[in-house]
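Since the structure comes first, as C-alpha coordinates, the remarks are kept for the end.
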Amino acid sequence: MGVSLKDVAQRAGVSIKTVSNVVNNYQHVTPKMRAKVQQAIDELGYRPNLTARHLRKGRTGIIALAVPEFGNPYFAELAGEVVDAAARHDYTVLVDHTGGLREKELLVSQGFRSHVIDGLILSPIHLETEDLMARTETAPLVLLGEREYEAPYDHIAIDNVAAAREAVAHLIALGHRRVAFLGSRTGRERQPAHLRLRGWREELAASGIEPDESLVVVTDGYGREDGAAAMASLLDRGERPDAVFAYNDMIAIGAMRTITERGLTIPGDIAVVGFDDIEESRYGTTTLTTIAPDKAAIARLAVDSLVERLAGTPVAEPRRPRPGYRLVVRESTAPRETPGPAR
(Lines give C-alpha, C1' and ligand atoms only; values in the text may rest on other atoms or scores of the structure.)
Protein backbone atom coordinates (compact mmCIF):
# COMPACT_ATOMS: atom_id res chain seq x y z
CA MET A 1 0.00 0.00 0.00
CA GLY A 2 1.42 3.40 -0.97
CA VAL A 3 2.17 6.34 1.27
CA SER A 4 -0.73 8.80 1.43
CA LEU A 5 -1.06 12.51 2.17
CA LYS A 6 -2.56 11.47 5.51
CA ASP A 7 0.59 9.50 6.37
CA VAL A 8 2.78 12.49 5.58
CA ALA A 9 0.52 14.81 7.59
CA GLN A 10 0.73 12.52 10.64
CA ARG A 11 4.52 12.27 10.39
CA ALA A 12 4.90 16.06 10.07
CA GLY A 13 2.23 16.84 12.66
CA VAL A 14 0.28 19.09 10.27
CA SER A 15 -3.03 19.01 8.43
CA ILE A 16 -3.58 17.15 5.16
CA LYS A 17 -4.35 20.53 3.57
CA THR A 18 -0.90 21.82 4.52
CA VAL A 19 0.76 18.80 2.98
CA SER A 20 -1.30 19.32 -0.18
CA ASN A 21 -0.23 22.94 -0.32
CA VAL A 22 3.43 21.94 -0.13
CA VAL A 23 3.07 19.16 -2.71
CA ASN A 24 1.30 21.53 -5.11
CA ASN A 25 3.91 24.22 -4.47
CA TYR A 26 1.42 26.84 -3.29
CA GLN A 27 3.12 30.06 -2.24
CA HIS A 28 1.38 30.70 1.06
CA VAL A 29 3.39 28.22 3.13
CA THR A 30 6.15 29.41 5.46
CA PRO A 31 9.68 28.17 4.71
CA LYS A 32 9.79 26.48 8.14
CA MET A 33 6.55 24.61 7.54
CA ARG A 34 7.57 23.69 3.98
CA ALA A 35 10.86 22.23 5.23
CA LYS A 36 9.05 20.24 7.95
CA VAL A 37 6.62 18.72 5.44
CA GLN A 38 9.36 18.04 2.91
CA GLN A 39 11.34 16.17 5.52
CA ALA A 40 8.35 13.92 6.19
CA ILE A 41 7.86 13.39 2.44
CA ASP A 42 11.50 12.37 2.06
CA GLU A 43 11.46 10.06 5.09
CA LEU A 44 8.32 8.25 3.94
CA GLY A 45 9.17 8.24 0.23
CA TYR A 46 5.87 9.84 -0.71
CA ARG A 47 5.22 10.28 -4.43
CA PRO A 48 2.24 12.40 -5.59
CA ASN A 49 -0.32 10.84 -7.91
CA LEU A 50 0.24 13.12 -10.90
CA THR A 51 -2.48 11.49 -12.98
CA ALA A 52 -5.11 12.19 -10.33
CA ARG A 53 -3.83 15.75 -9.93
CA HIS A 54 -4.17 16.49 -13.65
CA LEU A 55 -7.59 14.81 -13.85
CA ARG A 56 -8.89 17.01 -11.02
CA LYS A 57 -7.96 19.98 -13.21
CA GLY A 58 -9.64 18.45 -16.26
CA ARG A 59 -6.26 17.68 -17.86
CA THR A 60 -4.52 14.57 -19.13
CA GLY A 61 -1.05 15.62 -17.99
CA ILE A 62 0.28 15.09 -21.53
CA ILE A 63 1.56 17.66 -24.02
CA ALA A 64 2.62 16.86 -27.58
CA LEU A 65 5.74 17.87 -29.47
CA ALA A 66 5.44 17.52 -33.26
CA VAL A 67 8.68 17.72 -35.26
CA PRO A 68 9.38 17.25 -38.99
CA GLU A 69 12.33 14.85 -38.82
CA PHE A 70 13.21 12.17 -36.28
CA GLY A 71 16.36 11.46 -38.29
CA ASN A 72 17.67 15.00 -37.75
CA PRO A 73 19.78 15.02 -34.56
CA TYR A 74 18.79 18.62 -33.88
CA PHE A 75 15.17 17.61 -33.31
CA ALA A 76 16.20 14.60 -31.24
CA GLU A 77 18.30 16.83 -29.00
CA LEU A 78 15.54 19.44 -28.81
CA ALA A 79 12.98 16.77 -27.92
CA GLY A 80 15.15 15.68 -25.00
CA GLU A 81 15.23 19.26 -23.74
CA VAL A 82 11.44 19.57 -24.08
CA VAL A 83 10.93 16.35 -22.11
CA ASP A 84 13.16 17.69 -19.31
CA ALA A 85 11.41 21.09 -19.30
CA ALA A 86 7.96 19.47 -19.22
CA ALA A 87 8.94 17.18 -16.35
CA ARG A 88 9.59 20.24 -14.20
CA HIS A 89 5.89 21.02 -14.60
CA ASP A 90 4.87 17.38 -14.02
CA TYR A 91 3.91 16.92 -17.68
CA THR A 92 4.63 13.95 -19.92
CA VAL A 93 5.56 14.59 -23.56
CA LEU A 94 4.09 12.71 -26.52
CA VAL A 95 6.48 13.11 -29.47
CA ASP A 96 4.87 13.10 -32.93
CA HIS A 97 6.51 12.98 -36.36
CA THR A 98 5.09 14.97 -39.28
CA GLY A 99 7.76 14.02 -41.81
CA GLY A 100 7.67 17.67 -42.89
CA LEU A 101 4.44 16.89 -44.76
CA ARG A 102 1.79 19.57 -45.03
CA GLU A 103 -1.12 17.17 -44.52
CA LYS A 104 0.37 15.82 -41.29
CA GLU A 105 1.16 19.30 -40.00
CA LEU A 106 -2.46 20.25 -40.65
CA LEU A 107 -3.65 17.08 -38.93
CA VAL A 108 -1.75 17.65 -35.69
CA SER A 109 -2.41 21.40 -35.61
CA GLN A 110 -6.16 20.86 -36.01
CA GLY A 111 -6.43 18.58 -32.99
CA PHE A 112 -5.76 15.08 -34.27
CA ARG A 113 -4.77 13.97 -30.76
CA SER A 114 -6.80 16.51 -28.80
CA HIS A 115 -8.51 13.76 -26.79
CA VAL A 116 -5.21 12.71 -25.21
CA ILE A 117 -3.17 15.92 -25.00
CA ASP A 118 -3.56 19.22 -23.18
CA GLY A 119 -1.51 21.31 -25.62
CA LEU A 120 0.83 21.18 -28.61
CA ILE A 121 4.33 22.41 -29.42
CA LEU A 122 4.72 22.32 -33.20
CA SER A 123 7.72 22.86 -35.46
CA PRO A 124 6.13 23.32 -38.92
CA ILE A 125 7.72 23.55 -42.35
CA HIS A 126 4.82 23.87 -44.77
CA LEU A 127 2.00 25.45 -42.77
CA GLU A 128 1.04 28.96 -43.81
CA THR A 129 -0.48 31.76 -41.74
CA GLU A 130 -3.93 31.10 -43.23
CA ASP A 131 -3.73 27.47 -42.04
CA LEU A 132 -3.14 28.62 -38.49
CA MET A 133 -5.81 31.31 -38.68
CA ALA A 134 -8.31 28.62 -39.71
CA ARG A 135 -7.49 26.48 -36.68
CA THR A 136 -10.57 25.70 -34.58
CA GLU A 137 -8.91 23.47 -31.98
CA THR A 138 -8.96 25.17 -28.55
CA ALA A 139 -5.96 23.39 -27.02
CA PRO A 140 -3.03 25.83 -26.64
CA LEU A 141 -0.45 25.83 -29.45
CA VAL A 142 3.15 27.05 -29.36
CA LEU A 143 5.19 27.29 -32.56
CA LEU A 144 8.89 26.58 -33.02
CA GLY A 145 11.19 27.23 -35.95
CA GLU A 146 12.14 30.03 -38.29
CA ARG A 147 8.97 30.34 -40.36
CA GLU A 148 7.33 33.74 -39.83
CA TYR A 149 3.61 33.76 -39.03
CA GLU A 150 1.06 36.49 -38.42
CA ALA A 151 -1.09 34.27 -36.24
CA PRO A 152 -2.24 34.52 -32.59
CA TYR A 153 0.13 31.89 -31.22
CA ASP A 154 3.33 32.13 -29.21
CA HIS A 155 6.35 31.52 -31.45
CA ILE A 156 9.76 30.58 -30.07
CA ALA A 157 12.69 31.12 -32.46
CA ILE A 158 16.19 32.53 -32.39
CA ASP A 159 17.02 35.51 -34.61
CA ASN A 160 17.96 33.48 -37.68
CA VAL A 161 18.98 36.47 -39.78
CA ALA A 162 21.34 37.78 -37.12
CA ALA A 163 22.77 34.31 -36.49
CA ALA A 164 23.40 33.74 -40.21
CA ARG A 165 25.06 37.13 -40.47
CA GLU A 166 27.39 36.25 -37.60
CA ALA A 167 28.37 33.00 -39.33
CA VAL A 168 29.09 34.78 -42.63
CA ALA A 169 30.90 37.64 -40.87
CA HIS A 170 33.20 35.06 -39.28
CA LEU A 171 34.11 33.69 -42.71
CA ILE A 172 34.63 37.17 -44.18
CA ALA A 173 36.86 38.14 -41.25
CA LEU A 174 39.03 35.13 -42.11
CA GLY A 175 39.53 36.46 -45.64
CA HIS A 176 36.91 34.46 -47.52
CA ARG A 177 35.07 36.19 -50.35
CA ARG A 178 33.37 33.42 -52.35
CA VAL A 179 31.01 32.16 -49.68
CA ALA A 180 28.44 29.61 -50.87
CA PHE A 181 25.05 28.98 -49.25
CA LEU A 182 23.85 25.37 -49.29
CA GLY A 183 20.28 24.49 -48.39
CA SER A 184 18.02 26.99 -50.12
CA ARG A 185 14.51 25.89 -51.11
CA THR A 186 12.17 26.88 -53.92
CA GLY A 187 8.47 27.72 -53.84
CA ARG A 188 6.48 29.86 -51.43
CA GLU A 189 5.54 27.10 -49.04
CA ARG A 190 8.93 25.43 -49.08
CA GLN A 191 11.22 28.14 -47.78
CA PRO A 192 12.07 27.44 -44.15
CA ALA A 193 15.65 28.48 -45.02
CA HIS A 194 14.79 31.95 -46.28
CA LEU A 195 15.82 33.83 -43.14
CA ARG A 196 19.29 32.28 -43.06
CA LEU A 197 19.68 32.96 -46.78
CA ARG A 198 18.65 36.56 -46.11
CA GLY A 199 21.35 36.81 -43.45
CA TRP A 200 23.91 35.45 -45.95
CA ARG A 201 22.94 38.12 -48.49
CA GLU A 202 22.81 40.97 -45.99
CA GLU A 203 26.20 40.28 -44.43
CA LEU A 204 27.96 39.91 -47.76
CA ALA A 205 26.44 43.16 -49.00
CA ALA A 206 27.27 44.97 -45.75
CA SER A 207 30.89 43.88 -46.19
CA GLY A 208 31.04 45.28 -49.71
CA ILE A 209 30.82 41.87 -51.40
CA GLU A 210 28.20 41.36 -54.10
CA PRO A 211 26.23 38.21 -53.19
CA ASP A 212 26.91 35.68 -55.96
CA GLU A 213 23.61 33.88 -56.54
CA SER A 214 25.43 31.18 -58.52
CA LEU A 215 26.84 30.06 -55.16
CA VAL A 216 23.34 29.47 -53.71
CA VAL A 217 22.37 25.82 -54.05
CA VAL A 218 18.81 24.53 -53.67
CA THR A 219 18.45 21.17 -51.91
CA ASP A 220 15.56 18.71 -51.82
CA GLY A 221 16.02 18.07 -48.12
CA TYR A 222 18.19 18.90 -45.15
CA GLY A 223 20.23 15.71 -44.75
CA ARG A 224 23.84 14.72 -45.23
CA GLU A 225 23.14 13.36 -48.71
CA ASP A 226 21.64 16.70 -49.71
CA GLY A 227 24.76 18.53 -48.56
CA ALA A 228 27.04 16.10 -50.41
CA ALA A 229 25.02 16.49 -53.62
CA ALA A 230 24.88 20.28 -53.32
CA MET A 231 28.64 20.54 -52.90
CA ALA A 232 29.21 18.19 -55.83
CA SER A 233 26.90 20.32 -57.96
CA LEU A 234 28.92 23.45 -57.22
CA LEU A 235 32.25 21.83 -57.97
CA ASP A 236 30.96 20.11 -61.13
CA ARG A 237 29.82 23.50 -62.44
CA GLY A 238 33.24 24.96 -61.81
CA GLU A 239 31.79 27.26 -59.13
CA ARG A 240 34.37 26.50 -56.49
CA PRO A 241 33.82 28.63 -53.37
CA ASP A 242 36.45 29.36 -50.77
CA ALA A 243 33.91 28.91 -47.97
CA VAL A 244 30.51 27.34 -47.34
CA PHE A 245 27.72 28.41 -45.02
CA ALA A 246 25.21 25.56 -44.75
CA TYR A 247 21.59 25.77 -43.66
CA ASN A 248 22.28 23.16 -41.00
CA ASP A 249 25.02 20.90 -39.67
CA MET A 250 23.84 17.83 -41.58
CA ILE A 251 24.14 19.65 -44.91
CA ALA A 252 27.54 20.95 -43.80
CA ILE A 253 28.75 17.46 -42.86
CA GLY A 254 27.62 16.08 -46.23
CA ALA A 255 29.40 18.93 -48.01
CA MET A 256 32.60 18.24 -46.07
CA ARG A 257 32.52 14.64 -47.27
CA THR A 258 32.37 15.74 -50.91
CA ILE A 259 35.12 18.31 -50.39
CA THR A 260 37.54 15.71 -49.03
CA GLU A 261 36.55 13.13 -51.67
CA ARG A 262 37.50 15.67 -54.34
CA GLY A 263 40.99 15.94 -52.87
CA LEU A 264 40.40 19.36 -51.31
CA THR A 265 41.22 20.31 -47.74
CA ILE A 266 39.13 21.82 -44.94
CA PRO A 267 39.66 24.62 -44.11
CA GLY A 268 42.71 25.13 -46.35
CA ASP A 269 40.81 25.06 -49.64
CA ILE A 270 37.24 25.48 -48.44
CA ALA A 271 36.11 26.53 -44.96
CA VAL A 272 32.73 25.31 -43.69
CA VAL A 273 30.22 26.65 -41.17
CA GLY A 274 27.04 24.83 -40.16
CA PHE A 275 24.01 25.60 -38.02
CA ASP A 276 22.48 23.75 -35.03
CA ASP A 277 25.55 22.44 -33.13
CA ILE A 278 24.41 18.82 -33.19
CA GLU A 279 26.59 16.36 -31.27
CA GLU A 280 28.05 14.95 -34.50
CA SER A 281 29.58 18.34 -35.32
CA ARG A 282 31.96 17.97 -32.36
CA TYR A 283 33.36 14.55 -33.20
CA GLY A 284 34.10 14.40 -36.93
CA THR A 285 37.61 13.99 -38.32
CA THR A 286 37.39 17.74 -38.83
CA THR A 287 35.20 19.31 -36.17
CA LEU A 288 32.59 21.73 -37.48
CA THR A 289 32.29 25.44 -36.77
CA THR A 290 28.59 26.11 -36.25
CA ILE A 291 25.87 28.33 -34.86
CA ALA A 292 24.65 26.83 -31.57
CA PRO A 293 21.05 27.76 -30.71
CA ASP A 294 20.27 27.58 -27.00
CA LYS A 295 18.15 24.43 -27.22
CA ALA A 296 17.51 24.33 -23.48
CA ALA A 297 16.14 27.89 -23.57
CA ILE A 298 14.00 27.14 -26.62
CA ALA A 299 12.49 24.12 -24.87
CA ARG A 300 11.99 25.94 -21.57
CA LEU A 301 10.30 28.94 -23.19
CA ALA A 302 8.02 26.71 -25.27
CA VAL A 303 6.91 24.57 -22.33
CA ASP A 304 6.53 27.54 -20.00
CA SER A 305 4.39 29.34 -22.58
CA LEU A 306 2.18 26.29 -23.02
CA VAL A 307 1.79 25.74 -19.27
CA GLU A 308 0.88 29.41 -18.74
CA ARG A 309 -1.80 29.14 -21.41
CA LEU A 310 -3.15 25.96 -19.80
CA ALA A 311 -3.28 27.68 -16.43
CA GLY A 312 -5.24 30.57 -17.89
CA THR A 313 -2.53 33.04 -16.89
CA PRO A 314 -3.26 36.46 -18.45
CA VAL A 315 -0.53 37.07 -21.04
CA ALA A 316 -0.10 39.29 -24.06
CA GLU A 317 -1.07 37.88 -27.46
CA PRO A 318 1.02 36.64 -29.15
CA ARG A 319 4.54 36.43 -27.71
CA ARG A 320 7.76 36.19 -29.75
CA PRO A 321 10.63 35.49 -27.33
CA ARG A 322 14.13 35.24 -28.85
CA PRO A 323 16.31 32.54 -27.25
CA GLY A 324 20.05 33.06 -27.52
CA TYR A 325 22.65 31.49 -29.76
CA ARG A 326 26.43 31.57 -30.16
CA LEU A 327 29.04 30.92 -32.81
CA VAL A 328 31.18 27.92 -31.87
CA VAL A 329 34.50 28.03 -33.74
CA ARG A 330 36.11 24.68 -34.47
CA GLU A 331 38.52 23.15 -36.98
CA SER A 332 36.49 23.64 -40.16
CA THR A 333 37.34 27.35 -40.24
CA ALA A 334 40.76 28.90 -39.87
CA PRO A 335 42.50 32.09 -41.00
CA ARG A 336 43.47 32.09 -44.66
CA GLU A 337 47.22 31.99 -45.03
CA THR A 338 48.81 34.96 -46.79
CA PRO A 339 51.48 33.75 -49.23
CA GLY A 340 54.95 34.79 -48.16
CA PRO A 341 57.52 36.44 -50.44
CA ALA A 342 59.03 34.27 -53.16
CA ARG A 343 62.45 32.86 -52.31
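Observations on the model:
- Reach of Lys295 by Cα under 12 Å, taken over aspartates and glutamates that are not fewer than 8 positions away in the same chain: Glu77, Glu81, Asp84, Asp276, Asp277
- Sequence-ordered 3J(HN,Hα) estimates for region 320-327 from the Karplus curve with 6.51, -1.76 and 1.60 and θ = phi - 60° stand at 9, x, 10, x, x, 7, 8, 8 Hz, glycine and proline given as x.
- Solution diffusion estimate, µm²/s, Stokes-Einstein, region 226-336, Kirkwood Rh from C-alpha pairs, 37 °C, viscosity 0.692 mPa s: 208 µm²/s
- Anchor Lys6: lysines whose Cα lies under 27 Å away (excluding residues fewer than 8 positions away in-chain): Lys17, Lys32, Lys36, Lys57
- Size of the chain as Cα extents on the principal axes (Å, biggest first): 90, 50, 34
- Once both labels are positioned 7 Å from their Cα atoms along Cα-to-Cβ, the gap between Ser15 and Gln39 label points is 2.2 nm.
- Taking trypsin sites (Lys or Arg not before Pro) across region 233-285, the ones in a DSSP loop with at most 11 further Cβ atoms lying within 10 angstrom of their Cβ are Arg237.
- Relative intensity, log₁₀ I(q)/I(0), of region 158-291 from a Debye sum that treats every alpha carbon as a point, q = 0.16 Å⁻¹: -0.70
- Taking packing as the residue-averaged number of other Cβ atoms within 10 angstrom, the listed peptides 319-330, 118-129 run from highest to lowest as 118-129, 319-330.
- Looking at the chain, the accessible area is 48 square angstrom per residue; that uses a 1.4 Å probe and ignores ligands, DNA and RNA.
- The Glu308 and Glu202 beta-carbon pair, evaluated with R₀ = 22 Å, returns a calculated FRET efficiency of approximately 0.05.
- If you run the Gaussian network model on the chain, springs between alpha carbon atoms under 10 Å, then out of Thr219, Thr313, Thr92 the most flexible one is Thr313.
- Label-point separation, Asp236 to Met133 (7 Å along Cα→Cβ), nm: 4.2 nm
- FRET efficiency, Ser214 to Asp90 (Cβ-Cβ, R0 41 Å, nearest 0.05): 0.15
- Take the Cα of Thr265, step 7 Å toward its Cβ, do the same at Ala162, and the gap between the two points is 3.7 nm.
- The protection proxy used here, the mean number of other Cβ atoms lying within 10 Å of each residue, ranks peptides 141-153, 268-280 as follows, highest first: 268-280, 141-153.
- Accessible area of the chain belonging to carbon and sulfur atoms, whole % at 1.4 Å probe: 51 percent
- Estimated 222 nm signal from helices in the chain, with DSSP H stretches of n ≥ 4 weighted -39500 (n - 2.57), rounded to 500: -12000 deg cm²/dmol
The values are calculated or read from the model by the stated rules, or taken from the named source; none is laboratory data. Given the structure is predicted, the values throughout are model-derived calculations rather than measurements. Neighbour counts run over all protein chains shown; Cβ positions are idealised from the backbone, glycine included. Note: areas computed on protein heavy atoms with side chains; ligands, DNA, RNA excluded. Shrake-Rupley method; radii C 1.70, N 1.55, O 1.52, S 1.80 Å.
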